[in-house]
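Remarks on the structure that follows.
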Amino acid sequence: MVNVFRVAALVVGLAIAAPCAQAQPQTQAWPQRPVRLIVPFGAGSATDLTARLFAERLSVRWGQPVLVENRPGADSIVAVNAFVANHDDHMLLYSAPGPITVNPVLYSKLPYDPAHDLAPISLGSEVFVTVAVPASLGVKSLAELAARARAEPGKLNWVATPGVVYFMFAGFVKSAGLDMVQVPYKDFTQAINDLAEGRIQATATSLAVVRPHVQAGKVVPLAVTSRERARSAPDVPTAAEAGFPALSFGAFGGFFGWRDMPAALRERIAVDIRAAGQDPDVAAKLAAAGVGVRTSTPAEFAAAIEDERAKVAAIAQAVGTKPQ
């Protein structure tokens, strides 16, 4: 009987250990089939370009295709909902943190859990955001823009890219005590055209968006909001250098995994993303689009998201934003 019990105990022990023994190799061997990378913006956008450049390099490192799928619309809710609903352990999301940081202050109900459904893996890029004005305004710096707004209360209009950029510029207007009028646009392309023609007096958007009008001499970039100057516009100061550190923020994008993604797998993918970002060709192509490479550990990405979430929540409260 003793031998029978010993055999039974051994069988039970092996049965318990088997899943654990299999889980580790599966994590180490991931991916075992093609990976789908969901992007919440259309083809040709800076986010799409970034995702595709990383996808190419990661495909080589992983020995599996990395297929980019564009799911634009509804403040990234369409893409995030598709990502979460699939429950696919070979699907990743490349997105700005807006679904976690901005959407909860815009919508009272979301079809996903912002706190748990998206597991931060790594930053991928930082979009260079600029505060720009029409050349016809005759303003050459942020200080001059603030002085002009104070001298002409309620007469200057502004527009900003929806999401975190909008909140950060709205916070700047509020904290600086400026009386400026925000103009909503359904088509942001028209907003930039109106800026170039002087119908809008200030905008906050990506440097790449306004570059054609800057080159045509119709728009003047006053500052970038990033920590460092943009490689594609080295003469444009940072907001901190211009004397407005409160306007300093990073508009970044990164890779997210599924809910309860193993921590070890997140760490390993982050290492691969960092290696892909070190490719000089990736950096050069992104710089041409007004984007910089910025990678991180999962913990660093999570901290950046939390910092942005807290800032957006504070600004939303200050400017009176109410969830729909």
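Quick notes
- Pairs of Lys residues in the chain that lie 8 or more places apart, or on two chains, and have C-alpha atoms under 21 angstrom apart add up to 10.
- Taking each residue as 0.36 nm, the span from ALA303 to ALA143 lengthens on full extension beyond its C-alpha to C-alpha distance by 54.5 nm.
- The chain: C-alpha pair distances exceeding 39 Å, %: 20
- Among beta bridges that DSSP assigns inside the chain, antiparallel share in %, nearest 5: 60
- Here the simple spin-label model places points 7 Å from the Cα toward Cβ, and for ASP279 and ALA216 these points are separated by 3.4 nm.
- Dipole of the stretch 194-313 [Lys/Arg +1, Asp/Glu -1 at C-beta], most positive-end residue of ILE269, ALA299, ALA233: ALA233
- Stokes-Einstein diffusion coefficient of the stretch 147-265, Kirkwood radius over Cα pairs, 4 °C, 1.567 mPa s, in µm²/s: 82
- The alpha carbons of the stretch 26-122 occupy a box of 42, 32, 20 Å along the principal axes, longest dimension given first.
- P(r) histogram, all alpha-carbon pairs of the stretch 248-324 included - 5 Å bins from 0, percent: 3, 12, 18, 18, 16, 14, 10, 6, 2
- Order of PHE41, PHE188 - criterion: other Cβ atoms within 10 Å of each residue's Cβ, fewest first: PHE188, PHE41
- In this rough spin-label picture, where each label sits 7 Å from Cα along the Cβ direction, the ASN86-ALA176 distance is 4.2 nm.
- Averaging the Cα positions of each part gives two centres, and for the stretch 125-191 and the stretch 259-290 these lie 32 Å apart.
- Viscosity 1.002 mPa s, 20 °C: Kirkwood-radius Stokes-Einstein D of the stretch 77-125 over Cα pairs, µm²/s: 186
- Packing order of peptides 91-99, 48-56, highest average first: 91-99, 48-56 (average count of other Cβ atoms within 10 Å over each peptide's residues).
- Across all directions, the shadow cast by the convex hull of the stretch 94-201 built on its C-alpha atoms averages 8.5 square nanometres.
- Nitroxide proxy distance, nm - points 7 Å out along Cα→Cβ at LYS322 and ARG150: 3.3
- For the stretch 160-190, the residues whose backbone nitrogen is under 15 Å from a point 7 Å from the Cα of ALA314, taken along Cα to Cβ, are 167-176.
- Packing, taken as the mean count of other beta carbons within 10 Å per residue, orders the peptides 117-123, 176-182 from highest to lowest as 117-123, 176-182.
Only the coordinates and a few stated rules stand behind these numbers; no lab work does. All values reported here derive from a predicted model rather than from experimental measurement. Note that we place each Cβ from the backbone using ideal geometry, even for glycine, and neighbour counts take in every protein chain shown.
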